[in-house]
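Accompanying notes for the structure given below.
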Amino acid sequence: MYKIVKKETLTTNIYLMDVEAPRVAGSCLPGQFVIVRMDDEGERIPLTICDYDREKGLVTICFQAVGAGTMMMSELKEGDSFHDFVGPLGRPSELVEEDLESLKKKKILFVAGGVGTAPVYPQVKWLHEHGIAADVIVGAKNKDLLILEDMMKAVAGNLYITTDDGSYGRSGMVTQVIKDLVAEGNKYDVCIAIGPMIMMKFVCLLTKELNLPTVVSLNPIMVDGTGMCGACRVTVGDQVKFACVDGPEFDGHLVNFDEAMRRQTLYKTQEGRAVLKLEEGDTHHGGCGNC
Ligand code: NAD
Ligand code: FES
């Protein structure tokens, strides 16, 4: 069992939990995710890792209560436990595997949208701990929905907050801030964008024009996180990939966002899943394709 030692409500329907999971805390890296289950028959819920403390054996998760599973999770209290807390899963961010000296020469821009701010945080923190100050744009619909501002401020080089309605920070979506920063003369070598699919799509359309290589994290399209359900199938360049086993990070300029978003909608119903199976044949699932 994996005990919840701290629970915080960050804003409406968005929660942060520190969970006792020493084995995961001991080996996880930024960019990876865990699968949690509340009981042995419960739904598997994949969640990106927001932070970890190797000494205390704690892993921090941050989630939005949107479906039945996450709504039930939001009812858990400090002292309660998860039945399963499996990980670390997925490939770590490419950044943590790069040569540190060449990484130090790069100007890195993170773009975080809404709840996607949570998986951006461990990457920026990791860079900060290695002497690299990255610029970070955080976008939220309004001031009340902004999360992790103080934590991010402590590790970012420059932090640019923007709200869609202008109630805090700059006004407008994250794409406007990218345009402004580039117009102000900032030159970036790489952009890492994590947030809702629609945000990542529009960030990629813009950074393609700007010739700015961009990495995205496709955690939002995962369902069971095991490579078997077929939910996170995505075309990247000319290849079929599964976000949970091949990702979650991919070259954003190669991701077919329109196809991935159509699949996300179809996958919600049994009829839609049947359509996808028919269209995609053996490539519908990860793994062997027969389960
Ligand atoms: P949101 O809808 O509030 O959007 C956050 C920000 O993204 C906005 O403030 C805006 O700046 C930007 N954005 C949105 N639409 C845009 C567009 N068309 N063009 C340019 N910028 C745009 O975000 P939310 O409600 O917090 O998002 C929840 C989503 O984030 C869920 O779908 C969830 O699955 C996803 N999420 C993603 C990850 C990941 O790893 N990629 C992790 C956690 C959550
Ligand atoms: Fe089910 Fe990836 S989430 S195959």
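In region 172-190, which residue that is open to solvent by less than 40 Å² (accessible area, probe 1.4 Å), closer than 25 Å to Leu103 by Cβ and part of a helix (DSSP H, G or I) is nearest to ligand 1 (Cβ to nearest atom)?
Only one residue tops the list, namely Val174.
Is region 199-213 home to any residue that is open to solvent by less than 20 Å² (accessible area, probe 1.4 Å) and not in a helix (DSSP H, G or I)?
Yes, region 199-213 contains a residue that is open to solvent by less than 20 Å² (accessible area, probe 1.4 Å) and not in a helix (DSSP H, G or I).
Give the residue that is farthest from Gln123 (Cα to Cα), with candidates limited to residues of region 152-171 that are open to solvent by less than 50 Å² (accessible area, probe 1.4 Å) and assigned to a strand (DSSP E or B). Walk me through how you get there before you give the answer.
Step one: list which residues in region 152-171 are open to solvent by less than 50 Å² (accessible area, probe 1.4 Å), which gives 152, 155-157, 159-163, 166.
Add one more test, that the residue is assigned to a strand (DSSP E or B), and what stays is 159-163.
On the way: Leu159: 14, Tyr160: 17, Ile161: 18, Thr162: 20, Thr163: 22 Å.
The residue in question is Thr163.
If you take the residues of region 1-51 that are part of a helix (DSSP H, G or I) and free of Cβ contacts under 8 Å to residues at least 40 places away in the same chain, which of them is least open to solvent (accessible area, probe 1.4 Å)? Outline the logic, then answer.
Residues of region 1-51 that are part of a helix (DSSP H, G or I), as a first pass: 22-27.
Applying the additional criterion that residues be free of Cβ contacts under 8 Å to residues at least 40 places away in the same chain yields 22-23, 25-26.
On the way: Pro22: 90, Arg23: 164, Ala25: 0, Gly26: 45 Å².
Restricting to residues being part of a helix (DSSP H, G or I) and free of Cβ contacts under 8 Å to residues at least 40 places away in the same chain, the top hit is Ala25.
Would you say Gly272 is loosely packed, with under 15 Cβ neighbours inside 10 Å and away from ligand 1 (no atom under 14 Å from the Cβ)?
Working: loosely packed, with under 15 Cβ neighbours inside 10 Å: no; away from ligand 1 (no atom under 14 Å from the Cβ): yes.
The answer is no for Gly272.
For region 228-248, give me each residue that is within 6 Å of ligand 2 (Cβ to nearest atom) and surrounded by fewer than 19 Cβ atoms within 10 Å (Cβ to Cβ).
Met228
Name the residues in region 209-267 that are within 11 Å of ligand 1 (Cβ to nearest atom) and of a type in the set (Ser, Thr, Tyr), would you?
Passing the criteria: only Ser217.
Output the residue which, of all residues in region 58-87 that are open to solvent by 20 Å² or more (accessible area, probe 1.4 Å) and among the hydrophobic types (A, V, I, L, M, F, W, C), is farthest from ligand 2 (Cβ to nearest atom).
Leu58
Mind listing whichever residues of region 122-148 are open to solvent by 40 Å² or more (accessible area, probe 1.4 Å) and on the phi < 0 side of the Ramachandran plot? Even if it seems obvious, please write down each step before you answer.
Narrowing region 122-148 to residues open to solvent by 40 Å² or more (accessible area, probe 1.4 Å): 125, 128-131, 133, 141-145.
Residues satisfying the conditions are Lys125, His128, Glu129, His130, Ala133, Lys141, Asn142, Lys143, Asp144, Leu145.
If you scan region 255-269, which residues turn out to be assigned to a helix (DSSP H, G or I), open to solvent by less than 80 Å² (accessible area, probe 1.4 Å) and of a type outside the set (A, V, I, L, M)? Outline the logic, then answer.
From region 255-269, those assigned to a helix (DSSP H, G or I) are 257-266; that's our starting set.
Cutting the leftovers down to open to solvent by less than 80 Å² (accessible area, probe 1.4 Å) gives us 257, 259-261, 263-264, 266.
Phe257, Glu259, Arg263, Gln264, listed by residue number.
Could you check region 214-245 and list, in sequence order, the residues that are in contact with a strand residue (DSSP E or B) (Cβ under 8 Å, 6 or more places away or on another chain) and either in a strand (DSSP E or B) or of a type in the set (Asp, Glu) (or both)?
Thr214, Val215, Val216, Ser217, Asp224, Arg233, Val234, Thr235, Val236, Val240, Lys241, Phe242
The values are calculated or read from the model by the stated rules, or taken from the named source; none is laboratory data. In this text the structure is predicted, and so the values were computed from the model without any measurement. When we count neighbours, we look across all protein chains shown, and the Cβ atoms used for this are built from the backbone with ideal geometry, even at glycine. We work out accessible area using only protein heavy atoms, side chains counted, and drop any ligands, DNA or RNA first. Shrake-Rupley method; radii C 1.70, N 1.55, O 1.52, S 1.80 Å.
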